[in-house]
């Protein structure tokens, strides 16, 4: 089935993996609905992409997904503009690099709303249209984090990413017979603004061989969802880390985790 005249909604589209997904879907003939908090960034992306063709449309809506009304506002915008969403990329996200108790509860609550609440509601409100048209492609940008020893990130980053992976699995197998595929994309270290925005400059300075480009991650995610894959771990090195984490003894995993967080267990 041709992807011409189809439309993808991408959250967190102003930079990094979200911006790269906009470029990949646009290159493959999709119209775009881009959402993020930074409208100026989205306008720049729109202007740049429209230089290459006049046959596709790009719509922009500013939204803060920590606000529980944001998913419905996005849905209403699409409805008012008569836009049918055929593909959804849940990319918006961030990290809290502090210890769990040092993060204020309202910050935890906002984090959960962005990473779980809004993500899940966007799937829920756009899925019926995909069912009606018997076509849907959903990508949830998860992480390698659940496969490796934990590090300080407010205590919630790995748990919400596990949720995203399991949700993707459930949606995929429930609706795949209706030509609706849902892929959990699990990148490792990816060159973007993520680690700087999360106040993790020490991670941003790790060796280059551990990193992938956001463009490559997005390309692999697009290919995975289009071919009906439920899960993709980006890059052979990340696949290796995920495999090793499943077979090495738990005691060693905990030791690595303590080293990464620079903490010692009490005697």
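Each value in this text was obtained by applying a stated rule to the coordinates, not by laboratory testing. Fair warning: this is a prediction, and the values are worked out from it, not measured in the lab. Here the Cβ is made from the backbone with ideal geometry for all residues, glycine too, and neighbour counts use every protein chain on show.
Observations
- Shape call, the stretch 32-82: gyration tensor on alpha carbons, a/c limit 1.5: oblate
- Rounded if a/c under 1.5, otherwise prolate or oblate - the stretch 94-172, Cα gyration tensor axes: oblate
- Ordering of 219-228, 87-96, 133-142 by packing is 87-96, 133-142, 219-228, highest average first (other Cβ atoms within 10 Å, averaged per residue).
- Among 66, 109, the ranking by other beta carbons within 10 Å of each residue's beta carbon, starting with the fewest, stands as 109, 66.
- Of the two radii for the stretch 1-115, the radius of gyration is 1.03 times the Kirkwood radius, both from the alpha carbons; that is the Rg over Rh value.
- Centre-to-centre, using Cα atoms only, the stretch 8-45 and the stretch 98-157 are separated by 18 Å.
- When peptides 48-54, 6-12 are sorted by average Cβ neighbour count within 10 Å, with the highest value leading, the order is 6-12, 48-54.
- Paramagnetic label reach from residue 226 (point 7 Å along Cα→Cβ; backbone nitrogen cut-off under 12 Å): within the stretch 1-44, residues 1-4, 24-30.
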